[in-house]
Structures are given as C-alpha cells and as structure tokens.
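Quick notes on the structure that follows.
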Amino acid sequence: MSPFRPDLVDVWIFRTAKHGPVIGFGSVPVPIDRRRGLGGAGGAGAAAPGIQGPKRGSDLAPEPPIEILLMRRAPGRILPGLWQCVSGSLEDGESVTDGALRELSEETGFGPAEIEALFDLDQVNQFHEPSVGAVVTSAIFAVRVRPGSEPVLSHEHDAMRWVSPAAAHELAIWPAYRESIRRIEENLLDADRAIWFELTLAGYRTRH
C-alpha cells in the first residue's frame, strides 16, 4: 500500500429531530447568528414537514427526521457567504480522525459529551484551489450529535442553521457537498448499514 495524508478534513454534523418538524428550504430559517444570538434577525416561520430517512422495506417504520448543521463562512475569508460543514487543515503529526475531531471542536464546540457516533463517509474529495494553485484533497467524516445539542459559533462563521436534508441539498453549492448529504441519508440512518461506517473516537472501525 501507498497511503497518503489528505490536506483537509471535512465533518458533517447531524442529529435526530425529536421535537417538531425540521426546517425546510421554503420556510423562514432560524439561524444561529453571532451578532444576534439564537434566532438571528428573523423569527420562526411556517416550517416544512420533517424529512424522513430512507426506508429499507415497505413494512418498516420511517426513520426519525434528521437535521443537518450548515455554517456560513464569515466575511474576510475565502468564499465568504458559502454554506458548508466543518472544514480545516490537518496539523503536522496529527492523525486524520484526530484532525477531524479537533476541527469539529474548534468550529462548533462539540466534543465527546455531545457526539453519539463518528462515521467515515467513505468519501475523499479532490478539487483545484486557486488560492494555493494546486489540487487539494479532503477526507470526509460525519458525526451524529445528541438531540438538542447546540453549536458554539466560532470566528470562522457568522451564522449556522439546522436544516432538513432537502434544504441542505438546496443550500450546498459544491456537488461534493450534495454527495456527502446523500451518503448520510442513504447510509447512516439505517443502524444495520451505519455500523459499517462507524469509527471509535480513536479512529478505529467499530466493526472489525
């Protein structure tokens, strides 16, 4: 084998929406805004119905709706205004999963107390980044946090939203982002399938 280290790590965050419907794209969102706190400039409008997870058979009950956290890049950064997941560079000597968990903590405040499960999405993205004049590689992860967990906004973003998968697809600009959301819906909402993607917080597969 010839393993190589990615340049970046991305971490998608989702949670089970147990209380009320998930915010849809056509409704008034309730962002977490650093200038105004929870709720931002607007109030809660009429929310779209919750998005159910995929069924594995017609006789199965639908999975609970989920919410996906999107964060808006702050002014003064590359691509200001872009809605994204947690994303950052690996540090020297850092394992890939350690880097993913560090970036998660730095950008949202989420740590072991909030994380229910860590997943490898079996996805590695490569893209040309004009700011460095090179092709950059990113390893993609997802975490499921406990229902009701709320992020702490960092200086890297000026707003955050919990949205339905359908709304996340609408807000996601890059095709690779939409692919990550699709993989969460297809692979991580079914417990029998999700176990194959799950990692311990130390970075090892939970299923050997």
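Values in this text are rule-based calculations from the coordinates and carry no lab data. The structure displayed is predicted, hence computed values, not measured ones. Because the Cβ atoms are built from the backbone with ideal geometry, glycine has one as well, and the counts that use them run over all protein chains shown.
Things worth noting here:
- Counting other Cβ atoms within 10 Å as a rough exposure proxy, the listed residues THR200, THR97, THR137, THR108 run THR200, THR137, THR97, THR108 from fewest neighbours to most.
- Distance between modelled label sites at GLU116 and TRP174, nm, 7 Å Cα→Cβ extension: 2.7
- Under 5 Å, built H, 5+ apart or other chain: amide partners of GLU116: ARG144, VAL145, ARG146
- Taking the fewest neighbouring Cβ atoms within 10 Å as the starting point, the ordered list for ASP190, ASP122, ASP92 is ASP92, ASP122, ASP190.
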